[in-house]
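The values are calculated or read from the model by the stated rules, or taken from the named source; none is laboratory data. Everything numeric here is computed off the predicted structure, so don't read it as measured data. Neighbour counts are summed over all protein chains in view; Cβ atoms, including those assigned to glycine, are modelled from backbone coordinates with ideal geometry. Heavy atoms of the whole protein, side chains included, go into the accessibility calculation; ligands, DNA and RNA do not. Shrake-Rupley method; radii C 1.70, N 1.55, O 1.52, S 1.80 Å.
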Amino acid sequence: AATMICAELAGIRVFATGGIGGVHRGAETSFDVSADLQELGRTPVAVVCAGAKAILDLPKTLEVLETLGVPVIGYRCHELPAFYSRDSGLPLTLRCESPTAIAEIMRTKWDLGLAGGLVVANPIPQEAAIPAEEIGRHIAQALSEATSKGVQGKEVTPFLLARIEALSGGSSLEANVALVRSNAGLAAEIAVAYAALS
């Protein structure tokens with residue numbers, strides 16, 4: 001959320017991150033929902049990511065994005081990427097095959113005066129992906145440990161990511177680095193295409 005605000009102030013229309021924040025598991029009782037979602041609903045920046053962080057409630061996150069009118073564009077994919085894994089089983093209604101097509105959607109949205117940003121969902125490179133079942137076991141264990149230790153609020157995400165890294169023997173960190181590099185490359189291509197349209 002903070003990066004989106006800074007990007008808009010600097011006139012930057014597209015940036016890359018690993019995965020966006022979203023609705024945390026158990027949010028129906030904790031009300032733990034990332035500020036990223038509301039910012040995406042009001043700030044005109046395209047965010048290139050590998051979906052939402054896999055530790056989140058992905059169906060609820062996708063639903064909130066839809067409610068806020070935030071287009072989620074699959075880059076050469078039909079499903080929301082699940083951060084460490086390429087697929088989540090959650091279908092997307094928008095798919096683009098090129099950075100230029102994404103740039104055209106950005107321009108059209110903002111030329112029409114529609115508020116908010118866009119999510120460009122770029123699956124982790126195949127060679128770096130972790131099978132959903134494998135990473136799911138690590139996430140479940142990390143969530144259980146967080147609950148038993150009483151970890152809450154802003155401490156949840158760093159705790160979970162550190163435990164998942166330890167449980168995966170470091171493969172989650174390697175995956176994170178690979179997906180960020182991939183997202184940065186795509187974001188650069190989209191930025192060039194958007195500048196050409198302007």
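The H on the amide N of Leu118, modeled in the peptide plane, is under 5 Å from the matching H of Val45, Ala46, Val47, each at least 5 residues off or on a different chain. Computed from backbone phi, the HN-Hα couplings of the stretch 8-15 come to 4, 4, 8, x, 8, 9, 8, 8 Hz, rounded to whole numbers (Karplus: 6.51 cos²θ - 1.76 cosθ + 1.60, θ = phi - 60°; Gly and Pro given as x). When the convex hull of its Cα atoms is viewed from all sides, the stretch 1-69 shows a mean projected area of 4.3 nm². Accessible area per residue (1.4 Å probe, heavy atoms of protein chains only) ranks Lys109, Lys154 as Lys154, Lys109, with the largest value leading. In the chain, the DSSP-assigned H stretches of four residues or longer account for a calculated mean residue ellipticity at 222 nm of -16000 deg cm²/dmol, using -39500 (n - 2.57) per stretch and the full residue count as denominator. Based on alpha-carbon atoms, the Kirkwood radius and the radius of gyration of the stretch 116-198 give Rg/Rh equal to 1.11. Looking at the stretch 50-198, the accessible area is 49 square angstrom per residue; that uses a 1.4 Å probe and ignores ligands, DNA and RNA.
Accessible area per residue (1.4 Å probe, heavy atoms of protein chains only) ranks Thr61, Thr29 as Thr29, Thr61, with the largest value leading. Rounded to the nearest Hz, the phi-derived 3J(HN,Hα) couplings of the stretch 74-88 under the Karplus curve 6.51 cos²θ - 1.76 cosθ + 1.60 (θ = phi - 60°) are x, 7, 6, 8, 9, 10, 5, x, 10, 6, 6, 10, 6, 10, 10, where x marks glycine and proline. Start at zero, step by 10 Å, and the Cα-Cα distances of the stretch 68-139 spread as 19, 43, 26, 10, 1 percent across the bins.
To the nearest ten degrees, helix 171-197 and the longest principal axis of the Cα atoms of the chain are 10 degrees apart. When only alpha carbons are used to place a centre, the stretch 137-158 and the stretch 65-92 end up 24 Å from one another. Using alpha carbons only, how many degrees (0 to 90, rounded to 10) separate the axis of helix 58-67 from the longest principal axis of the chain? Computed tilt is about 30 degrees. Computed on the chain, the Cα convex hull volume stands at 107 Å³ per residue. Only protein heavy atoms count here; on that basis, with a 1.4 Å probe, Thr93 has an accessible area of about 140 Å².
With Cβ to Cβ distances under 13 Å as the rule, what net charge do the other residues near Pro91 carry (K, R +1; D, E -1)? Residues near Pro91 contribute -3 overall. Structure remark: mean-square fluctuation, Gaussian network model of the chain, C-alpha springs under 10 Å; the largest value among Pro123, Pro81, Pro131 belongs to Pro131. Angle of helix 156-167 to the longest C-alpha principal axis of the chain, folded into 0 to 90 degrees and rounded to 10: 70°.
Surface calculation, 1.4 Å probe, protein heavy atoms: Asp32 sits at approximately 40 Å² accessible. In percent, rounded to a whole number, the relative contact order of the chain is 25, using alpha-carbon pairs under 8 Å and six or more apart. Taking a sphere under 15 Å around the Cβ of Ser144 and counting the other residues whose Cβ falls inside, with K and R at +1 and D and E at -1, yields a net charge of +3.
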